[in-house]
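Here's the structure, in structure tokens; my notes come after.
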Amino acid sequence: MSDTGEEWQVARRRKGTARKPKTLKVCSNSTCSQEPLDVRKTVQRIKDTVSELKCEEFWQEWKEQMLAALSKPPDQLTGSTDGTLSQQLECVCYGLGSFSSCVSARYQLAMLLLLLDAGQIPLKDCSIYDPAFSSGEEDVLRELGVTVLTENEEGKRLATKPTLFYLMHCGNALYNNLLWKNWSTQCLPLVIIIGNSFIGMSERTIEREFKRDYSYITQAVSVCEERQLPCPSRLIDVFSDTAVITFPTSGLNGLPQSTWAEPPEPQYQHCPDLEIIRNETRS
Ligand SMILES: C[S@@+](CC[C@H](N)C(=O)[O-])C[C@H]1O[C@@H](n2cnc3c(N)ncnc32)[C@H](O)[C@@H]1O
């Protein structure tokens, strides 16, 4: 544990082996501090992380890949032929994690702020929700200017205009729910996801179970376009396995018409360990 109260996973060196670089450790609830948060200090720390990421080479590639996804193809999304954005985008971020105690989540938040800036998305048009946020973290987010959601939507957010969904290392059900809610040839082209690669997800799970439990991701894998995003080894736990995922109309039109008729809401009755927190007040 560092003196800032954040966890680092330091590779222990065996005799004769080369020194390995530090890698950032994924969040764990046990590291969450219960002490009141110093909002000003936390905001400053996030801004420092933004400045740090801005100097990283891989950030330039993230930016280029995102802008390419947002501006192409011009007839479906927001872009004009010169690559500039012609329509205001909005953003929804789920599952960021506790960024005051978890260094991975803080880096992901800093990356989100950079992406909003690059995509010319006003901070207030970025809605953010994680049931793990403390009230102090919500204050920090409001101070930064983003909109903190109070309802657990379980990822079921309808895109009524082009929307960037930022879901870093979230449970599969969050992506599956998002796809279900937007399951039409009109809505899916409005959805741009920066999150776990669907291809990676399907490869890591037993095929039969993946098809049964995450049917919308299963169908989307073959028709979505994934642009893999680079990740330096030092930040492997923060930005690994991430892609920009879009849904070009041409691919969607290739799916059988029956796919779109009354898509059933996912129930997950075979998933005792769903990895997302349900909204208990929803029926
Ligand atoms: C595996 S953690 C990832 C945290 C962080 N992004 C990272 O990469 O370390 C998944 C996150 O999803 C959040 N989560 C669970 N259910 C959610 C829901 N219904 N809506 C939004 N976020 C949710 C959890 O609280 C947790 O912070």
All-pairs alpha carbon distance profile, region 41-260, 5 Å steps from 0, percent: 1, 7, 15, 20, 21, 17, 11, 6, 2, 0, 0
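Taking neighbour counts of Cβ atoms within 10 Å as a proxy for exposure, in what order, fewest first, do VAL223, VAL103 appear?
Details: VAL223 17, VAL103 25.
Lowest to highest Cβ neighbour count: VAL223, VAL103.
Report the GluC sites (Glu not before Pro) located in region 217-283 that are in a DSSP loop and have at most 10 other Cβ atoms inside 10 Å of their Cβ, or state none.
GLU280
Could you pull out the pairs from LYS47/LYS156; LYS161/LYS211; LYS41/LYS63; LYS54/LYS156; LYS161/LYS181 whose alpha carbons sit more than 21 Å apart here?
Among LYS47/LYS156; LYS161/LYS211; LYS41/LYS63; LYS54/LYS156; LYS161/LYS181, the Cα-Cα distance tops 21 Å for LYS47/LYS156; LYS161/LYS211; LYS41/LYS63; LYS54/LYS156.
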From phi via Karplus (6.51, -1.76, 1.60), per-residue ³J(HN,Hα) for region 222-233 in Hz, x at Gly/Pro: 7, 10, 8, 10, 10, 10, 5, 9, x, 8, x, 4
Burial ordering of ARG208, ARG234, ARG106, fewest other beta-carbon atoms within 10 Å first: ARG208, ARG234, ARG106
Rough spin-label spacing in nm, given labels placed 7 Å along Cα→Cβ, for LYS63 and ARG208: 4.9 nm
Interchain or long-range residues, amide H under 5 Å from PHE165's placed H: VAL92, ILE192, ILE193, ILE194
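Where a number appears in this text, it was derived from the coordinates with a stated rule and is not lab data. Just so we're clear, the structure is a prediction, and the values are computed from it rather than from any experiment. So basically every Cβ, Gly included, is an ideal-geometry build from the backbone, and we count neighbours across all protein chains shown.
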